[in-house]
Amino acid sequence: MTDILLLSKEVLRPDYLSCYGGTLYQTPNIDELARRGTIFTNFYTASPSSAMAFTAMFTGLYPFETRRKSYREVEKFSQCPTLSDILEKRGYEIHVIWGGKWFRGSHKRSRVFSAATNFHNLEGIYQLVGPHGLGGGPIEVDSQFDPLNLITTKIETIFKNRRGEVFIWLHCPHVFKGRTGYGSDIDLLDRLTGMLFDFFPSEQIYLTGDHGHMNCERGIPVYGFHAYEGAIKVPLITPNHFNSKVIDDLLSNIQLKDIILDKKYTKNEFIYSDTQYYLQEDRKLMIRKGDFKYIFNKKNKSEELYDLRFDPHEDVNLLVDRWVDRNRDTAYFLEEIYYYPRWGKAEEAYQELRQEKDRLWKEGKFVENMLFRVNNIRKRGFAGFSRHIAQKKSRIRGRWGSAAQIRQYEK
């Protein structure tokens with residue numbers, strides 16, 4: 001056996017890293033990790049929400065495969081052995097290093113760790129910004145503070161007191177303390193990666209993100225409620241178990257469990273990402289096969305279809321066959337204004353992806369759903385109810401008998 005480090009970061013987009021073609025930062029240490037290992041270019045989180053992503057990573061199950069119905073505090077996961085359970089049985093010491101907010105929040109909504117897991121809640125590494133801030137006040141920045149030393153000191157202590165092989169999951173915050181916003185601290189993540197080489201050789205390190213971040217694309221500020229690429233596509237760099245430097249196969253983070261345990265993965269015909277559990281009203285389910293990506297929106301029963309080969313930014317929902325031009329007070333057929341050469345393949349993909357959605361889709365019983373909706377309206381008040389009505393109106397009769405989502409209501 002050998003030690004294992006799973007290094008992950010919140011809101012980590014592939015284009016934040018130069019080895020994925022990012023230009024915002026140069027990330028030489030992460031690039032070196034990729035050079036020595038394998039980089040996956042089509043790796044998706046099973047959910048753009050931390051607790052659901054953690055559950056998928058450690059159980060190997062998609063959200064819709066679990067018995068969980070909504071996002072709430074849960075008991076210890078018992079549907080199958082988790083990555084933590086299995087590693088503990090193999091003799092590993094299990095250590096989790098993260099900011100304390102996850103222990104108080106996301107951990108209680110996932111509970112995927114074995115009984116003997118050692119939690120190291122480092123309160124000082126986390127910058128309170130964005131939706132995880134304290135309510136829109138001024139952001140306090142201590143440029144002299146170095147959160148990386150807290151992390152490496154903790155790892156030194158773990159190694160000093162170890163009795164055998166260790167598995168460490170080091171989950172870095174949305175923003176390291178000392179920086180002001182999402183994506184502003186990637187140089188710190190890269191520096192941390194270089195520091196971790198002193199503890200772990202590259203063949204023991206796995207690097208990924210739990211989910212991404214919309215970065216204001218499509219008018220969406222952060223993440224959690226949408227299944228677009230910015231929120232659900234994340235990097236994955238592993239040791240070179242596969243005799244390949246770059247792998248383009250479609251993978252989900254539910255496969256991380258098998259990659260770590262058995263150094264293998266299975267190719268997928270479909271991959272999925274779910275924004276919420278099946279009882280929740282605002283659920284959006286993404287299904288991808290090949291170049292085609294389908295999204296089903298539960299609240300208004302609308303659909304989206306994108307061809308990522310021609311439209312990597314998901315600008316054109318191919319199901320909307322009449323596009324409104326408000327400036328000219330008219331509308332156009334999509335074929336008039338958008339050149340697209342694969343309509344036959346798109347229709348075939350839509351029918352197949354919709355059938356796949358129908359195969360796995362489930363909802364709660366009538367009474368269960370009604371109680372959940374009433375509680376939601378009670379919590380959100382009139383504003384939440386108004387938003388619900390607006391979204392109900394945000395679909396049209398689309399191509400191939402679809403119910404197409406209209407872009408201007410996506411937010």
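The values are calculated or read from the model by the stated rules, or taken from the named source; none is laboratory data. Predicted model, so just to flag it, every value in this text is computed and none were measured. Reconstructed Cβ throughout: ideal geometry from the backbone, glycine too, with neighbour counts over all protein chains shown.
Looking across region 74-105 at every residue that is in contact with a helix residue (DSSP H, G or I) (Cβ under 6 Å, 6 or more places away or on another chain) and at pLDDT below 95, the one that is surrounded by the most Cβ atoms within 10 Å (Cβ to Cβ) is identified as 99.
In region 84-106 there is no residue that is closer than 26 Å to residue 225 by Cβ, among the aliphatic types (A, V, I, L, M) and touching a residue at least 24 places away in the same chain (Cβ under 8 Å). Remark: residue 323 matches the filter, which requires a residue to be touching a strand residue (DSSP E or B) at 6+ places or on another chain (Cβ under 6 Å) and over 13 Å from residue 402 (Cα atoms). Checking every residue in region 161-178 against the condition of being modelled with pLDDT under 95 and assigned to a helix (DSSP H, G or I) gives zero matches.
Residue count for region 205-260 under the criterion of being within 18 Å of residue 172 (Cα to Cα) and of a type in the set (S, T, N, Q): the result is 3.
When region 237-249 is filtered for residues that are surrounded by 18 or more Cβ atoms within 10 Å (Cβ to Cβ) and in a loop (DSSP other than H, G, I, E, B), only 239 remains. Scanning region 316-332 for residues that are at negative phi and exposed (fewer than 11 other Cβ atoms within 10 Å of the Cβ) gives 325, 326, 327, 328, 330.
Run down 221, 131 and say which single residue is in the same structural domain as residue 239 (by TED's automatic domain parsing), in a helix (DSSP H, G or I), modelled with pLDDT under 95 and not hydrophobic (A, V, I, L, M, F, W, C).
On the way: 221 fails: in a helix (DSSP H, G or I).
After ruling out the rest, the residue left standing is 131.
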